[in-house]
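Derivation of every value follows stated rules applied to the coordinates shown; laboratory data play no part. Quick caveat, the model's predicted, so the values are computed rather than measured. Positions of Cβ are generated from backbone atoms using ideal geometry, with glycine treated the same way; all protein chains shown enter the neighbour counts.
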Amino acid sequence: MIAVFTVLLFVTPEELVGVIGVTNGYLVVFLLALFHGFTAFLATSLYPVLVTFSLGGMHMFLLALIGGIAGALGNLIYFYIGYKGREVISEKYAKRVNGFSKWVNKQPRVVIPALAFMYFGFTPLPNEFLILSISVADYPFRKMILPLILGNIALMLTVQYVAINGLKLL
């Protein structure tokens, strides 16, 4: 993240997009979004890159769409970890996990996806917390994929919109 801000001190977003190119810019966003949950370095650099590319003239919605889909693909790994981790939970925690699983699966069909969308799209918290919890509760990923993608897209659009309009107010 420090490198991104250092570069932006000397290069305008338009110049950066001109050097990288629009196609490569979308690829950079895809890769950053795909891996942004794995390390603290990548998680924080996705959003400044989104804003920079958007300010540089790249299409805001396309950036959010590509980032949202890539972020959901990256979260598949956490879902798999939680799903397989359920098998190795000790007896001490199995009762709690089973209780949570029963509660999650008793909810009306739209409750968990709606809550997930709000969590993914409107909180700054990492998706991995909810993905791991839901997967341990044995909730089907196919029911989570749409709220995850739409939530990621909403968050990325919001970050870009607030950053761009915030700069216009200055």
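At-a-glance table
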read-out: Integer Hz, Karplus 6.51/-1.76/1.60 couplings in order for the stretch 14-27, x for Gly and Pro; value: 5, 5, 5, 5, x, 6, 6, x, 5, 4, 5, x, 5, 5
read-out: Length released on extending from SER133 to GLU91, taking residue separation times 0.36 nm less the Cα-Cα span; value: 13.4 nm
read-out: Simple Cβ-charge dipole of the stretch 2-169, Lys/Arg +1 and Asp/Glu -1, about Cα centre, in debye nearest 20; value: 860
read-out: Residues MET60, MET156, MET118, sorted so that the one with the fewest Cβ neighbours within 10 Å comes first; value: MET118, MET60, MET156
read-out: Two-site FRET efficiency, ASN98 against LEU125, from Cβ-Cβ distance with R₀ of 22 Å, rounded to 0.05; value: 0.30
read-out: Lysine-lysine proximity count for the chain, Cα under 26 Å, sequence distance 8 or more or distinct chains; value: 11
read-out: ³J(HN,Hα), Karplus 6.51/-1.76/1.60, whole Hz, each residue of the stretch 96-107, x for Gly, Pro; value: 5, 5, 5, x, 5, 4, 4, 4, 4, 6, 7, 5
